[in-house]
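Presented below is the structure to which this report refers.
The values are calculated or read from the model by the stated rules, or taken from the named source; none is laboratory data. Since we're looking at a predicted model, the values are computed, not measured. Don't worry about glycine lacking a Cβ; one is built from the backbone with ideal geometry, like all the others, and counts go over all protein chains shown.
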Amino acid sequence: MIQTDMQQELGRAKNALQDYLIHKLLIPKVYLDADWNGTPVDVLAIDRAGVGDVHAVKMVPLEPGINIRAAFVLFASPSLSPVEEFRSLPSHYRYVAVVGDDQDWRKFNPADGIPWNSLAEDGVGRVGILYVDLSEDDPKLQVRVILKAERFRSSKEIVELADRYVAEHTANWEVRE
């Protein structure tokens, strides 16, 4: 795939993730390519018109020839894992979205390869893993849940970050009255 095609596919994947969060949340404000507390986030959604839970998504494109099972082997390595990096991000829900065209993703059993580093140290919260399937000819990409995210503890820092972010940034998608 040439660079322009890959950029377009990743853009489509961001749009699919945005749609996923719009349908999952109640009146969210969604931001693409956000800088969330110094960490680049591909899709950021703040529920309940910007005063609710914060959902952050990092996309990880699969390299050509790498399938989702191989990606999970990489995820299990703390030095390479986007899950490990996202585990400490100040947000209520955190997701890593694998973007690829592995047609065998349905055969993948998440229990075989879920890294323990997806869990919060105290067990309250787990980084969710989504799969954006580029292999289907459907003009609308589908987001599949591989591992359901679990809510991390809230903190004053998260609430203050969300309030400041909403006040200073224009949402890519929001309900306007």
**Asked** Of the residues 17, 21, 10, which is part of a helix (DSSP H, G or I), closer than 19 Å to residue 161 by Cβ and within 16 Å of the chain's Cα centre (by Cα)?
**Response** 21
**Asked** Is there a residue in the range 136-146 that is in a helix (DSSP H, G or I) and either in contact with a helix residue (DSSP H, G or I) (Cβ under 9 Å, 6 or more places away or on another chain) or at pLDDT 75 or above (or both)?
**Response** no
**Item:** Filter result (over 18 Å from residue 140 (Cβ atoms) and either modelled with pLDDT under 95 or exposed (fewer than 12 other Cβ atoms within 10 Å of the Cβ) (or both)) within the range 6-27
**Value:** 6, 7, 26, 27
**Asked** Within the range 154-161, is even one residue touching a helix residue (DSSP H, G or I) at 6+ places or on another chain (Cβ under 7 Å) and not β-branched (Val, Ile, Thr)?
**Response** no
**Message:** Being under 13 Å from residue 171 (Cβ atoms) and either buried (at least 19 other Cβ atoms within 10 Å of the Cβ) or modelled with pLDDT of 95 or more (or both) is the filter here; which residues of the range 41-50 pass it?
**Reply:** 43, 44, 45, 46, 47, 50
**Request:** Could you check how many residues of the range 147-175 are more than 14 Å from residue 55 (Cβ to Cβ), among the aliphatic types (A, V, I, L, M) and either without any contact (Cβ under 8 Å) to a residue 60 or more places away in the chain or outside any loop (DSSP other than H, G, I, E, B) (or both)?
**Result:** 3
